[in-house]
Amino acid sequence: MKGIIYAFLAGTCITLQGVVNSRISQDIGTFHAITITQFTGFILALTILLFTRDGTFSQVKRVKLPYLFAGAFGLLIIFNEVTSIHKIGVTLTMAVILIAQIITAFLIDARGYFGIEKIDLSVPQFVGIGMMIAGVMIIQM
């Protein structure tokens with residue numbers, strides 16, 4: 001149950017961040033908005049780190065080099081999300097993002113990318129994706 005609550009909170013925060021970034025970018029520009037967002041996220045993460053101390057920086061050596069650039073996805077996420085919100089609105093943007101996330105997650109699960117245990121996909125999962133795509137098409141009408 002905790003995982004569902006965390007996922008729900010993440011989804012809520014993704015939507016709120018997109019809307020707020022879209023609003024900020026209208027006033028000061030997209031890359032300024034991204035900089036503010038990433039910086040405030042860094043400050044909050046650093047503050048939490050100082051209180052929790054849940055690891056050490058020496059452990060970074062164990063992380064494969066490409067994984068250390070995961071934060072760069074944040075820039076791409078925010079840029080594309082803000083641009084999309086400006087062009088097609090919040091609801092359609094979030095619906096398309098959700099579909100992209102699920103398709104990407106299915107590929108990762110099916111192929112076992114990033115060391116994730118492979119999961120066999122079956123007809124119900126594909127039907128679910130098809131229904132989501134149909135839902136987005138209905139939202140767009």
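The values are calculated or read from the model by the stated rules, or taken from the named source; none is laboratory data. Quantities reported herein were computed from a predicted structural model and do not represent experimental measurements. Positions of Cβ are backbone-derived with ideal geometry, glycine not excepted, and every protein chain shown enters the neighbour counts.
Give me a count of the residues in region 80-100 that are of a type in the set (Val, Ile, Thr) and exposed (fewer than 14 other Cβ atoms within 10 Å of the Cβ).
2
Residues of region 101-125 being charged (D, E, K, R), loosely packed, with under 11 Cβ neighbours inside 10 Å and closer than 21 Å to Lys64 by Cα, which ones?
Residue satisfying the conditions is Glu117 alone.
Could you give every pair whose Cβ atoms fall below 9 Å, whose first residue belongs to region 124-141 and is farther than 12 Å from Leu92 by Cα and without any contact (Cβ under 8 Å) to a residue 24 or more places away in the chain, and whose second residue is of a type in the set (Phe, Trp, Tyr) and surrounded by 10 or more Cβ atoms within 10 Å (Cβ to Cβ), counting only separations of at least 6 or pairs across chains?
Pairs found: Gln125/Phe106; Phe126/Phe106.
If the requirement is being without any contact (Cβ under 8 Å) to a residue 40 or more places away in the chain and in contact with a Gly (Cβ under 9 Å, 6 or more places away or on another chain), which of these qualifies: Gly41, Gly89?
Of Gly41, Gly89, the one residue that is without any contact (Cβ under 8 Å) to a residue 40 or more places away in the chain and in contact with a Gly (Cβ under 9 Å, 6 or more places away or on another chain) is Gly41.
Considering only helices (runs of 4 or more DSSP H) fully contained in region 70-141, which possess at least 1 residues that are in contact with an Asp or Glu (Cβ under 7 Å, 6 or more places away or on another chain) and either at pLDDT 90 or above or of a type in the set (Lys, Arg) (or both)?
90-111
Can you find even one residue in region 87-104 that is basic (Lys, Arg) and over 17 Å from Thr15 (Cβ atoms)?
No, region 87-104 has no match at all.
Any residue at all in region 68-79 that is touching a helix residue (DSSP H, G or I) at 6+ places or on another chain (Cβ under 6 Å), under 29 Å from Ala95 (Cα atoms) and either loosely packed, with under 12 Cβ neighbours inside 10 Å or in contact (Cβ under 8 Å) with a residue 60 or more places away in the chain (or both)?
yes
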